[in-house]
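Contents: one structure, followed by commentary.
The values are calculated or read from the model by the stated rules, or taken from the named source; none is laboratory data. Note that the structure is predicted; figures quoted are calculated from it, not measured. In this analysis, Cβ positions are derived from the backbone assuming ideal geometry, glycine residues included, and neighbour counts consider all displayed protein chains. With ligands, DNA and RNA removed, areas are computed over all heavy atoms of the protein, side chains included. Shrake-Rupley method; radii C 1.70, N 1.55, O 1.52, S 1.80 Å.
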Amino acid sequence: MKYKVLKFSYFLAFFLLLGCGEDPKQSKSGSENSEVPAESKEEKKITDDQVILFFGNSLTAAYGLETEQGFPNLIQKRIDSLGLNYKVINSGLSGETTSGGLNRLDWVLNQDVDIFVLELGANDGLRGIPLGKTKENLQKIIDAVLEKNKNTTIILAGMQIPPNMGLDYTAEFRNMYPDLAKNNDIHIIPFLLDGVAGEPDLNLEDGIHPTAEGQKIVAENVWDILGPLVVQKNEGEMIMD
């Protein structure tokens, strides 16, 4: 898939709000030192459905929208319409970095996860964090997920950053995702915001985060990779039963 060329002004604003903006729909924003919330009995329910967990930042959290309008919930609706036995959990946190995500991962993995969709790294790019550290954190997250359950399927969501950190940094960041996917033999969404980034009609007034319509396109980008996997896994479960 070819990456869409994005204007510098869009990308710069995109990462400024990804890193600094607090979602008016959320009471907390993420940070590298974000505290892990205590798990309540209602948050962990016993279910026979397999779990798909979306682990990311404001894009996953549906910044500026109702959670129901975000792509994770749209994926749940698609799954329900197909009669597949999967439960989607949205674990997106606005402003989250790879370090912050690593810090709260243990709490997230308290539940059994069948498919883990990893959408982090954009805020690291904003802060100019050395890409070696970002890649290391993403690798640690992947390792921890597989250590918890070696049969968990991992999908990595690819992202791009603006060229203000230099062309070398920009290219290395873009290539970091397919490199991780190849090295770990995991699945990848080449560019999560393909068809949405830079399109005014598909983003909120900030020009950055997808509108409800934009979220629908993001959901399709995710489903292109996730869909065949859940169908295949579901058919396998039916055969075993």
**OP:** Report yes if some residue within the stretch 55-69 is touching a Pro at 6+ places or on another chain (Cβ under 9 Å), among the β-branched types (Val, Ile, Thr), over 18 Å from Pro210 (Cα atoms) and at pLDDT 95 or above; otherwise report no.
**Re:** no
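One line per residue, one yes/no per condition, for (1) surrounded by 17 or more Cβ atoms within 10 Å (Cβ to Cβ); (2) among the hydrophobic types (A, V, I, L, M, F, W, C); (3) within 17 Å of Phe54 (Cβ to Cβ):
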residue	(1), (2), (3)
Asp185	no, no, no
Leu193	yes, yes, yes
Gly198	yes, no, no
Ile208	yes, yes, no
Ile217	yes, yes, yes
Val222	yes, yes, yes
Glu235	no, no, no
**OP:** Out of the residues in the stretch 154-182 that are assigned to a loop (DSSP other than H, G, I, E, B) and either over 17 Å from Asn57 (Cα atoms) or open to solvent by 30 Å² or more (accessible area, probe 1.4 Å) (or both), state the one that is modelled with the lowest pLDDT.
**Re:** Pro162
Original post:
Exactly one of (1) more than 26 Å from Gln232 (Cα to Cα); (2) surrounded by fewer than 17 Cβ atoms within 10 Å (Cβ to Cβ) is unmet by Glu147. Its number?
Top reply: (1)
Original post:
Which residue out of Leu74, Leu126, Leu102 is over 18 Å from Leu226 (Cβ atoms), of a type outside the set (Val, Ile, Thr) and under 15 Å from the mean Cα position of the chain (by Cα)?
Top reply: Leu102
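Conditions (1) within 25 Å of Leu105 (Cα to Cα); (2) in contact with a helix residue (DSSP H, G or I) (Cβ under 6 Å, 6 or more places away or on another chain), marked per residue:
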{"site": "Asn151", "(1), (2)": "yes, no"}
{"site": "Ala157", "(1), (2)": "yes, no"}
{"site": "Ile161", "(1), (2)": "yes, yes"}
{"site": "Met165", "(1), (2)": "no, no"}
{"site": "Phe173", "(1), (2)": "yes, yes"}
{"site": "Ala181", "(1), (2)": "yes, no"}
{"site": "Ile186", "(1), (2)": "yes, no"}
{"site": "Leu204", "(1), (2)": "no, no"}
**OP:** Give Asp194, Asp201, Asp224 a once-over and let me know the one that is closer than 26 Å to Leu131 by Cβ, of a type in the set (Asp, Glu) and out of contact with any Phe, Trp or Tyr (no Cβ under 6 Å at 6 or more places or on another chain).
**Re:** Asp194
